[in-house]
1. Please indicate, with yes or no, whether at least one residue in the stretch 214-221 is part of a loop (DSSP other than H, G, I, E, B) and open to solvent by 60 Å² or more (accessible area, probe 1.4 Å).
2. Give the stretch 283-319 a look and list any residue that's outside any helix (DSSP H, G or I) and hydroxyl-bearing (S, T, Y), or say none.
3. I'm checking my understanding of the structure. Among residues of the stretch 172-203 that are over 25 Å from S72 (Cβ atoms) and part of a loop (DSSP other than H, G, I, E, B), which one is modelled with the highest pLDDT?
4. Just name the residue that is farthest from S285 (Cα to Cα) out of those in the stretch 227-259 that are open to solvent by 10 Å² or more (accessible area, probe 1.4 Å) and not in a helix (DSSP H, G or I).
5. Does the stretch 192-202 contain at least one residue that is farther than 30 Å from D16 by Cα, touching a helix residue (DSSP H, G or I) at 6+ places or on another chain (Cβ under 6 Å) and either among the charged types (D, E, K, R) or without any contact (Cβ under 8 Å) to a residue 60 or more places away in the chain (or both)?
6. Could you grab me the full set of residues in the stretch 220-264 that are in contact with a helix residue (DSSP H, G or I) (Cβ under 7 Å, 6 or more places away or on another chain), touching a residue at least 60 places away in the same chain (Cβ under 8 Å) and of a type in the set (A, V, I, L, M)?
7. It is to be established whether one or more residues within the stretch 361-372 are open to solvent by less than 50 Å² (accessible area, probe 1.4 Å), touching a residue at least 60 places away in the same chain (Cβ under 8 Å) and small (G, A, S).
8. Does the stretch 338-345 contain at least one residue that is of a type in the set (F, W, Y) and within 30 Å of S15 (Cα to Cα)?
Amino acid sequence: MLKSVSRSDIESKLSDYLTPSQTISHQERLHGRDKQLEAIRRALRSPGRHIFIYGDRGVGKTSLAKTAAFISQPSTQELALVACDQQGSFSDFVQDIAKKLYPEATSIDRTVDHSEAKLALGPLSLGKATSIEKGIIPAISTINDAAELLRQVAKAFDYEPIVIVDEFDQLSDPKDMKLFADLIKQVSDQEIGIRFIFCGIGSSLEELIGVHLSTDRYITPVELEPLRHEARWAILENAAEAFDVEFDRETIIRIGHISDGFPYYIHLIGENIVWTMFDLVEEVSAVNPEIFHTAITASIESSYTSLKIAYDTAVKKYKHSEQYEEVLWAVADGKLFERSTDDIYRNSYIPIMQKLDKTPIERKNFSQRLNSLKKDGHGKILDTPRRSWYSFVENMIRGYVRLRAEKAGLQLGPDHHFS
């Protein structure tokens, strides 16, 4: 148990310091992103500029966007966040944006006559009309429709509200991406008082917007990489101080290595360490190996289902499951996300097998296992960015692989192979 800490105290403090299932929107909790946050703040002060945050899943794009919006507009303004999906159309998203910024528009009047239509959102209106009928926001059929709707919504504010368009990579129709690119241009050119922060999984802005880079001068791209070590450690150190417990230096470093710089794993393991300490019969004030191992097991059990499925599909599909698991651990070892077959085999796999006191498979068989792990039968968990080089199809998966290795008593990372 934790000294003088009740269940309600833990729940309250965890919501402030360790939240693996919730994004962050306050600057004091956003560790290691000062440079990116300042770049966004400066861009938002430049007329007509919008932001595009891109990077791996789970790296903290939405948290950065929400924090930037939180400090860049009045605190009384609720965050306007619209999530993209594969089923929605550009028209749907624009309507959602209008409703987020102007909730009164959820029930509106639509005014029409024989020749033209007028949209009225409470005191806001578009076009001219001679009659009024009850209805909903009509479909947006052109860029001009979308721009005019946003112009009227913006008139309700005496400042420029910020709209976060999340999961932009989920748009399945290239035409919708082109429409969004055109909308950015029109909002800026027509000096419509709304700013956009787009978030999407990708390795480049071009990958997400495609060839529609005529909007380039209106966008400040912000690439978000995994957290550096100091920022990883700061999350745990702040939580330890809040709970008045001791996270020894080795534990903090090990969690940092497991996380690969993805905040999700740091928050997840830290949260499970706190609950493990709370559940003990005896009073404790410091993390020990038993507490750490229990928390690792709990973290595996409570991880994203998609991560568990990806791992289990990769290693349990066929016979020799242990071999596939050991190959997967070797790929997850080291500092680099992309590694050559030779590097993985010599500098990771062989030392791992020595640590496990097991006979390694031959290089040829090892290469065959690697190749199999990028096929359907093993869930395509690996990818080949270039010939004889391998990476995880999604970098966030590597942290889960490290979690599984840690449970087996094998630490992966720059200072690997001790436990």
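The values are calculated or read from the model by the stated rules, or taken from the named source; none is laboratory data. Everything numeric here is computed off the predicted structure, so don't read it as measured data. Glycine gets a Cβ as well: all are built from the backbone with ideal geometry, and neighbour counts include every protein chain shown. To get the accessible areas, we keep the full protein, side chains included, count just its heavy atoms, and leave off ligands, DNA and RNA. Shrake-Rupley method; radii C 1.70, N 1.55, O 1.52, S 1.80 Å.
1. Checking the stretch 214-221: not a single residue is part of a loop (DSSP other than H, G, I, E, B) and open to solvent by 60 Å² or more (accessible area, probe 1.4 Å).
2. Within the stretch 283-319, S285, S302, S303, Y304, Y318 qualify.
3. D173
4. Only one residue tops the list, namely R228.
5. Yes, the stretch 192-202 contains at least one residue that is farther than 30 Å from D16 by Cα, touching a helix residue (DSSP H, G or I) at 6+ places or on another chain (Cβ under 6 Å) and either among the charged types (D, E, K, R) or without any contact (Cβ under 8 Å) to a residue 60 or more places away in the chain (or both).
6. Matches in the stretch 220-264: V222, L224, L227, I235, A239, A242, V245, I258.
7. Within the stretch 361-372 (the criterion being open to solvent by less than 50 Å² (accessible area, probe 1.4 Å), touching a residue at least 60 places away in the same chain (Cβ under 8 Å) and small (G, A, S)), the answer is no, since none of the residues qualifies.
8. No, because not a single residue in the stretch 338-345 is of a type in the set (F, W, Y) and within 30 Å of S15 (Cα to Cα).
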